[in-house]
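Scroll down for the structure; my scribbles are underneath it.
The values are calculated or read from the model by the stated rules, or taken from the named source; none is laboratory data. As the structure is a computational prediction, the values presented were derived from the model and not from experiment. Don't worry about glycine lacking a Cβ; one is built from the backbone with ideal geometry, like all the others, and counts go over all protein chains shown. Keep in mind that these areas ignore ligands, DNA and RNA; they rest on the heavy atoms of the full protein, side chains included. Shrake-Rupley method; radii C 1.70, N 1.55, O 1.52, S 1.80 Å.
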Amino acid sequence: MRRILLTPVKNDAPGPRSRALDREASFEHNVLIENSFSLVGAGAVHLRANEFIEELRRDTNYRGQISHIERIPVRVPAYGPLERPLPDDIQAALRSEGILRLYVHQTEAINAARRGKNFVVVTSTASGKTLCYNIPVLEALSDDTNARAFYVYPTKALAQDQLGKLKSYPIEPALRAATYDGDTPPHLRGQVRRNSRIILTNPDMLHIAILPYHTTWAHFFRNLKYVVIDEIHTYRGVFGSHVANIIRRLRRIAARYRSNPQFLCASATIANPAEHMRALTGLDEAVVIDRDTSPAGEKYFVFWNPPLIGKDGGRKSSNSEAVFLLTRLVERGVRTIVFAQARKSAELILRYAKQSLREESSPAAEKIMSYRAGYRPEERREIERRLFKGELLGVTSTNALELGVDVGNLDASIITGFPGTIASTWQQAGRAGRRELASLAVLVAQDNPIDQFLMRHPDYFFGRTHERAIIDPENPYLLAGHVLCAAYELPIENEEVAIFGERLYEVLAALGESGGLSYRGRWYWTGGEYPARQVNIRSTSSDSYNIVDVDTLSLLGTVDATNAFDTVHPGAVYLHGGESYVVERLEISERVAYIHQADLPYYTVPSSQTWLAKKEELESKPFGRTRAHVGDVEVTTQVVGYRQKQLFTDAVIKYVPLDLPEVKFPTQSVWFEVPQALADKLIGRGFDLEGTIHAIEHAAIGILPLFAMCDRQDIGGVSHPAHPDVSNLPAIFIYDGHPGGVGISQTAYGRLDEVLEAALKAIEDCACESGCPSCVQSPKCGNNNQPLDKAGAAFLLRELLKSSRKGTGRLNKPMYIPAS
């Protein structure tokens, strides 16, 4: 990709392919896209991006927030041939949509599916991935009137959106498509099961409502020809590991009915699509189609860093900066979407934007709305209609709209805070500029290590490959529950290790000892009610707390016991369905958190203390002047209090202490020691040893999600000036925050030099004197970020990294046996 840099950077490494911004279709490319960039808003308002940027720089509120501008040029499409023509009815349906030719990646996918191959298409937002699987499915189901297909989506909203697109094709299989999810009325479920040829569902429904009742789906499974899994990049960590086991259960039930469906998958760009599809489905072979050949309009991508507001290094709220940008854009008629990381933040951005516009008597105040996945389909359609018609100029949303839901033709995307992965950032940026139009994307940084690292090192974002999606389907704390579910569905043969993996043997033995299974030539479920209801697929723990609304006595949700004290401690603010609730009381013995609705001006952040004991080292390697290790550990945590932080400004209102019991869980960790000679040298230079390793721990945890496709809450850390398990040497541990681990520590072990290099850069580049949220402070630190020695951390990291080198050899991870 040719990169045009409008601000100087340290190097000019080639960046990733520019992201496609076309609609979900392949139009004849006969539209002239001018090299001069313009945003096209409602009422034919034109605004050149460079002129808009200069207007921002002249604005009285501008304080040098623009840290980088990346101009991504126009990309022209490439079209490809099919090995044989499409049937007449499908051709007619495509022509009615204005689709006259197909992109190369679409024809490659269709040709592969026709040859009976599994595939994964890895291209950008709005590149036409839907046609890659819709066309071969509709063609095959038209040829075989008994054939059936499952379409699996991560959210109900996306399934509903895709159903509308399917129904637009006047083809019999498409007209007999239906959703089967939690919103499907019970009295209609039998009809959908019997009559539908394409069923759009989600992993939760497969797990709890379809696979356990497969005998009532016998005809569907007997004729199951395709399983489509969209947005597979979202299936990572704990949730992805659960979904991988659900797909394995689906495959064994299909085999019971003598069907062997093809798997057609689609994903945003990730670094390991083949590996991830193999881990997700258990299939060894799949065609990877990762060359995006769809057209893309020119895009300006701006990195926007809120100004410093004090001597302590703190920065202005990213939410208030988003309001500033949103109001400036909609006042000029530019259709804009703002992504926020929480529903409450999205609502506050909308509220303050409306207030600001009304103070200026701007008619745009009545042309912005919020948009979230919790809306009914007809409400979403109405917002989309108003966007298409130009009646709306802006929407604020959470990441619910990051996925493929079509929200119309937008021209600018404001991303409030790095979404956690490079893939997600490009997904959100790609929501603007669809249909080959030019567009603007703005990433507004938050005051944390990752966001500030990207502001100072934009080439890391634009010049590197995407993250690896990480899952571990053989985590015993996950696998045991799915083995019980599988045994309920069909007795398990010992030979089924080929489906579930080598650790199946030990899991079966442990479940046999605990009485969950009995062996009579095959492994049988011994319980009463089906076990799927006890397996929470968004947790590694079967032990969970119910969350109950005290006003309605209705169950609003659950949270696993490992994370319950973090999420629903007394006084915690809990978000559900876009509304704020506060935890009134937590009944630990009953495993119930009682909450009531409250419109509060703050959110809460728990503080915890953590202890860690090493259990077994799995592997170690030389690392600079020390050694790096990875292995099994036991983590003990205790939530000791929480902070109330003001919405919008993030200012701490007060700290509230708590008295809650400890929680223990086994997991995996990466760690390294500080040699005694190096510790003595550090102390001799006047640095604080405990503050130094504490600061490195925080910086490394803060930056690790850039290397492992995980969320910040998926990882934890411990630093100790004389840890008893490593010969009383100073040590830093970074561990998976879920029982058994999900592979994050293993990734950190393999890339430890890169993680610590990035942590060092984050520390050295930060202008603060003694540490701030942008470098070494952590909002969850149970010690209130004391002590921290920023300068000592920089010194020690430089010493450690002087001669670091990567280790060799594959990590040999032993099996686990779940507790009986």
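Along the range 491-507 the Karplus relation, 6.51 cos²θ - 1.76 cosθ + 1.60 evaluated at θ = phi - 60°, assigns HN-Hα couplings of x, 9, 8, 4, 5, 6, 4, 5, 8, 9, x, 4, 6, 4, 4, 6, 5 Hz to successive residues, with x for each Gly and Pro.
May I ask for the net charge around Asp566, where only other residues with Cβ less than 14 Å from the Cβ of Asp566 are counted and Lys, Arg are +1 while Asp, Glu are -1?
Details: positive: Arg643, Arg712, Lys780; negative: Asp560, Glu662, Asp711, Asp714.
Within the 14 Å Cβ shell, the charges total -1.
Bridgeable aspartates and glutamates around Lys316 (alpha carbons under 17 Å apart, same-chain partners fewer than 8 residues away excluded): Asp59, Asp447, Asp451, Asp650. Put one equal scatterer on each alpha carbon of the range 282-356, apply the Debye formula with no solvent term, and list log10 I(q)/I(0) at q = 0.19, 0.24 1/Å to two decimals. For the range 282-356, the Cα-only Debye profile gives -0.91, -1.20. Starting from the Cα of Lys129, draw a straight line to each of the lysines and keep only those under 19 Å, dropping any in the same chain fewer than 8 residues away. Result set, ordered by chain and number: Lys117, Lys156, Lys165, Lys167.
With pairing defined as another cysteine C-beta under 4.7 Å, the cysteines of the chain that fail it are Cys132, Cys265, Cys485, Cys710, Cys781.
Averaging 1/r across all pairs of distinct Cα atoms in the range 46-184 and inverting the result yields a Kirkwood radius of 18.3 Å.
Applying the Kirkwood pairwise sum to the alpha-carbon positions of the chain produces a hydrodynamic radius of 28.0 angstrom.
FRET efficiency for the pair Leu618 and Ile309, taken as 1/(1 + (r/R0)^6) with r the Cβ-Cβ distance and R0 = 51 Å, rounds to 0.65.
Listed peptides 278-290, 233-245, 755-767 appear in the order 233-245, 755-767, 278-290 once ranked by packing, highest mean of other Cβ atoms within 10 Å at the front.
Percent of alpha carbon pairs in the range 478-580 separated by more than 24 Å? Display every interim value, and only then the final one.
Values: 2023 of 5253 pairs.
Counting every Cα pair in the range 478-580, those more than 24 Å apart make up 39 percent.
Our note on the geometry: Cα centres of the range 306-360 and the range 622-663, 30 Å apart.
Among the protein heavy atoms of the range 382-537, carbon and sulfur supply 48% of the accessible surface, probe 1.4 Å, non-protein parts ignored.
Could you work out the relative contact order of the chain, using alpha carbon pairs under 8 angstrom and six or more residues apart, expressed as a whole percent?
On the way: 1834 pairs, mean separation 105.7, N = 820.
Normalised by residue count, the contact order of the chain is 13 percent.
Work through the residues other than Leu760 whose Cβ is under 13 Å from its Cβ and net out their charges, Lys, Arg +1 and Asp, Glu -1.
Summing Lys and Arg as +1 and Asp and Glu as -1 gives -1.
Ignoring ligands, DNA and RNA, what accessible area per residue does the range 148-287 give at 1.4 Å, in Å²? The partial results should precede the final answer.
Values: 4500 Å² over 140 residues.
About 32 Å² of surface per residue is accessible.
In whole percent, and with a 1.4 Å probe on the protein chains, what portion of the accessible area of the range 683-786 is carbon and sulfur? Present the calculation step by step, with values, prior to reporting the outcome.
Details: 1450 of 3350 Å².
In the range 683-786, the share of accessible area belonging to carbon and sulfur is 43 percent.
A 1.4 Å probe run over the range 627-778, with the rest of the protein chains in place, finds 33 Å² accessible per residue.
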